[in-house]
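Values quoted throughout were computed directly from the atomic coordinates according to the rules given, and no laboratory measurement underlies them. Keep in mind that this is a model prediction, so the values were computed, not measured. A quick note on method: Cβ atoms are made from the backbone with ideal geometry, for glycine too, and the neighbour counts reach across all protein chains shown.
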Amino acid sequence: ENLMDIIMQKSVGEISIITIVGPMGLGKTSLAQLVFNDARTKAFSFRIWVHVSMGNVSLEKIGRDIVSQTTERIEGNMQLQSIKNAVQTILNKYSCLIVLDNLWGKDEEVNELKKMLLTGIQTESKIVVTTHSYKVAELVSTVPPYKLSALSEDDCLSIFSQRAMTGRGDPLFREYGEEIVRR
């Protein structure tokens, strides 16, 4: 709900880039999927999901993926500048929710991506970036990063007990459950 509040704010200004950052396997992509699929995000003209593969920040691929999920087309001879122009047009013309999932890479690549996304024009579009890199989060964010952290041992045990332990009253089950959660 906190993340949805940020995304659904109707403030018109420079594009908001919100990062979800935390260790691998913590649920950043799952959280982004919940936000992306939330009924309230249907208010955006386009909802666009781009998986950024294996630290390869290819502006061309990311740009093509964004454009291909809209009604716009890339004009010209498909060179990088044409792709950047098409992305800028989309961000200026429509309200978009774009998720860039699993972004990480070299500083200069991340900075170039941010330049491509920042239009300098007021827009209601929002971009959500998931990353395990705190450095990438700091570089690309236009608002403070949304930091995920691990659940406490008590919270983990509570969830584990609800899902896996049918004999909650049995002390042996509780002992095994606590050992599994600690590991």
Filter on 28/93; 10/106; 10/114 - keep pairs with C-alpha separation over 27 Å: 28/93; 10/106
Dipole-positive endmost among 23, 171, 33 within the chain (Cβ charges, Cα centre): 33
Listed residues 97, 134, 144: farthest to the positive end of the dipole of the stretch 80-183 (Cβ charges): 97
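Hey, what did the stretch 1-153 get for relative contact order, percent, Cα under 8 Å, at least 6 apart? List each step's numbers first, then the result.
Working: 279 pairs, mean separation 62.6, N = 153.
Relative CO of the stretch 1-153 lands at 41 percent.
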Nearest-20 debye value, the chain charge dipole, Cβ charges on Lys, Arg, Asp, Glu: 440
Scaled radius of gyration (Cα, divided by 2.2 N^0.38 Å) that the stretch 69-180 gives: 1.68
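Is it possible to state the helix-based mean residue ellipticity at 222 nm for the chain, with each DSSP H run of 4+ residues giving -39500 (n - 2.57), the sum divided by total residues, to the nearest 500 deg cm²/dmol? What is it? Let's see the in-between values first.
Numbers: 8 runs with 83 residues, N = 183.
Helix contribution divided over all residues of the chain: -13500 deg cm²/dmol.
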Anisotropy class of the stretch 1-133 from Cα gyration tensor, a/c 1.5 cut: oblate
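Roughly how many debye, to the nearest 20, is the charge dipole of the stretch 41-143 about its Cα centre, given +1 on each Lys and Arg Cβ, -1 on each Asp and Glu Cβ, and no other charges? Could you put the intermediate results ahead of the total?
Working: 12 positive and 11 negative charges, 50 e Å.
Dipole size: approximately 240 debye.
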